[in-house]
Each structure stands twice: as C-alpha cells, then as structure tokens.
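Colleague: Quick one: the structure is below, and I'll ask about it shortly.
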Amino acid sequence: MKIAFFNTKAYDRESFTRENEHYHHDISFFEPHLSLQTVNLITDETAVCVFINDCLDAEVLTALKAKGVQLIALRSAGFNHVDLVVADNLGLPVVRVPAYSPYAVAEHAVALLMTLNRRVHRAHNRVREGDFSLHNLMGYDVHGKTVGVIGTGKIGQVFCKIMQGFGCRVVAYDVQPNPECVQAGVEYLPLDELLSISDIISLHCPINESTMHIIDEQALSKMKPTVTLINTSRGKLIDTKAVIQALKAQRIGLLGLDVYEEEEAIFYEDFSSSVIQDDVFSRLLTFPNVLVTCHQAFFTQEAMKKIAGVTLDNISQFETSGVIQNGVKIPN
Ligand code: NAD
C-alpha cells in the first residue's frame, strides 16, 4: 500500500524501513506533523501513519478522506488524539498497536522512581563538576515501602511485579481488578485508601472521562507529604497546576513525569535555543524534586521493532483482505 508517514524522526525511518523489508509497502516519510496545513503532502497515498502528537480532528480527517485516504494507522497504543466519531462517520478505519512492550513503560517508571529517589541525575551532574559531596543526595530504601498502582492492565501488572521484587507491599486501584495481580498478592483498595497509605504511587490507567485529573487538589491532599508520585501514562491524569501548588507547599516528596498535560506543544522537539512559552511547564522544571522525561517510556529497541511490525502488518491485512486488524472502537 502507498503510505504517507507523518511526523517521522530518524529512528522512525530506520525501524520502519528495516521492518518493511518483510512487507514491501511504498512508504513516503514526511518530517512535519499531520495537520490541516500538511495534508497536502499526500499525493496518491491511500494510508496515513501517525503518532500521538499528530492532529486527527474533524477537519483533518475530512481532508484526508477527500484526498482518497482509506486507512489511518496509528503507530501508538493511545488514540485519544483521534476524533473517532468523525472517522467512523467518514468510513475511515483507525488501527493501532495495542501492546508493544509493557516492560518498556513499566521499567521506565522504575527508572524515574530510582533516579529521583537516589538522586542519580543530581549526583551525575555534581561529579562531572568535581563536586564529590553527598549533601541533599540521601534517598530511602524502596524495600518495605507501600506502592500504590492506579490501573493494573498490561503495564500496571508488570510494574506491580517489579515492585514486589523490590520487597514492597503492592496495593492497587482499578475499575476492573486484574485476577493475575490478585493471585500474585496485589491488594485492591478503594482509591482514597490507596492514596493515603502509599509511599510511592504510579499511574498506569488510560485517559478518559473518569480518569481526567484523577490526581487533583483533593487527591493530592490525601497523600502522604513524602509521597513519590510517578506518571508514565498520560499527562491529563494529573492537574498540573494543583501539583505545582502541592510542590510549593512541600506536600510531595518526589515527582517523576514522562508525560505532561500540554506536551504536544513541547515534547519531541529541540527547544534548547528558544524560549519555552508554557509557564506552567517551566515552573515544574524549577523544582529540585521533580524529574521530567519527554514521553520516552516506550522507547526501547524491542518496542520500536514491535511497533513497526504490528503497524505494517495492520496495513497489509487491510490491503490484502480488508480486515481491520487492531481496529480502534469508539469507547462507550
Ligand atoms: P491497559 O488497557 O492494558 O490497562 C489500563 C488499565 O487501566 C485497565 O486495567 C483498566 O481497567 C484501568 N482503568 C481504566 N479506567 C480506570 C479508572 N477510572 N481508574 C483506574 N483504573 C482504570 O493499558 P496499558 O497497556 O497498561 O497502558 C496504560 C497506559 O499507559 C495507556 O493508557 C497509555 O496512556 C500509557 N502508555 C504510555 C506510554 C509512554 O511511552 N509513556 C506508552 C504506552 C502506554
């Protein structure tokens, strides 16, 4: 199939070119994000492949349909950036990569936790400047702590298992408890109880109406003032302004973020020589107990290979038999 790939970086081009040796699609790689302005890059491609920070609103979808596009292939698990109702009305199927490596994301959550806790990022900078002192580098033993996991699907389950390996008590909250987690000794609790007893809290639920700002001012007020809060899931799970107030009041011990509410305007681009216009994000970066990575939890060799393979396979299935493999359905 002729595919227009939007928003591609060198690493996307490498992994998709390598995997495409098995699929033989005709791929055009474009650097710009998909938007109403860039739809015109499409000539005769009948599939588009996009990432989480591309725009797939009603206007863009309508323009894609008018261009003759027949399939939207998301090279991500998340689909909250797609107007699924409009896509459905236009008869534009949307396919995705439902799971690529739960280990990649769960392990990054642990990396944020351990880097923050043992101040590895600060120690690294300090040593490179010839400062070998230990002040402000003291962490805590993770062993024996209570870890609260919100969302115990594929990623949350792996995270629970890793934290049990550290010797933690793992408690969880999920609208649909995972029987395998129960069997492994994870205790399901009401959300408020989890928030109040956990030393470490990690978010692994999707963003939807029920989880939007699940960590708001009220939720933060229930947590221990020493809490370590980790979010590798979606930025909008946390009310960033409320979290900044809690940080200013010293009611959060450590905060590790791989995602941010308004990340679309910032992440994946180099702003090192410009001025960041987002004052809320800039304020977040000033706290010594906050660590931010730019939505890279998925970014491992294994995950990238799987993302490319499943995406190209989804497209091949559609091309050869019209099958919508890994189709995205409109949530109820
Ligand atoms: P999953 O669908 O396997 O699990 C999600 C879990 O959240 C399910 O058990 C579900 O019941 C639960 N849930 C839904 N609504 C809830 C609510 N209101 N309260 C509590 N739990 C609720 O998803 P997954 O593969 O484990 O992925 C989890 C999230 O990780 C994704 O939604 C995505 O936002 C994020 N993610 C981030 C990256 C990254 O690079 N940072 C990569 C992949 C996925």
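The values are calculated or read from the model by the stated rules, or taken from the named source; none is laboratory data. Quick caveat: nothing in here was measured; it's all calculated off a predicted structure. All Cβ positions, glycine included, derive from the backbone under ideal geometry; neighbour counts span all protein chains shown. Calculation scope for accessible area: heavy atoms of the full protein, side chains included, ligands and nucleic acids excluded. Shrake-Rupley method; radii C 1.70, N 1.55, O 1.52, S 1.80 Å.
Colleague: Yes or no: Thr46 farther than 16 Å from Met304 by Cβ and either among the β-branched types (Val, Ile, Thr) or not assigned by TED's automatic domain parsing to the domain that holds Asp88 (or both)?
Modeller: It is true that Thr46 is farther than 16 Å from Met304 by Cβ and either among the β-branched types (Val, Ile, Thr) or not assigned by TED's automatic domain parsing to the domain that holds Asp88 (or both).
Colleague: Using the structure shown, decide if Val60 is open to solvent by less than 10 Å² (accessible area, probe 1.4 Å) and in a strand (DSSP E or B).
Modeller: Answer is no for this residue.
Colleague: Shifting gears a bit: Out of Ile266, Ile252, which single residue is more than 21 Å from the chain's Cα centre (by Cα), surrounded by 14 or more Cβ atoms within 10 Å (Cβ to Cβ) and without any contact (Cβ under 8 Å) to a residue 40 or more places away in the chain?
Modeller: Residue meeting the stated conditions: Ile252.
Colleague: Could you please find all residues in the stretch 294-315 being among the hydroxyl-bearing types (Ser, Thr, Tyr) and not in a loop (DSSP other than H, G, I, E, B)?
Modeller: Thr311, the sole residue that qualifies.
Colleague: Applying the selection to the stretch 154-179, what residues are within 11 Å of the ligand (Cβ to nearest atom), open to solvent by 20 Å² or more (accessible area, probe 1.4 Å) and touching a helix residue (DSSP H, G or I) at 6+ places or on another chain (Cβ under 7 Å)?
Modeller: Selection gives Lys154, Ile155, Gln157, Val158, Tyr173, Asn178.
Colleague: Looking only at the stretch 269-281, filter to residues that are under 22 Å from Ile52 (Cα atoms) and assigned to a helix (DSSP H, G or I); which one of those is most open to solvent (accessible area, probe 1.4 Å)?
Modeller: Val280
Colleague: While we're on this one: If you go through the stretch 209-231, how many residues are polar (S, T, N, Q), open to solvent by 10 Å² or more (accessible area, probe 1.4 Å) and within 19 Å of Lys145 (Cβ to Cβ)?
Modeller: Number satisfying all stated conditions: 1.
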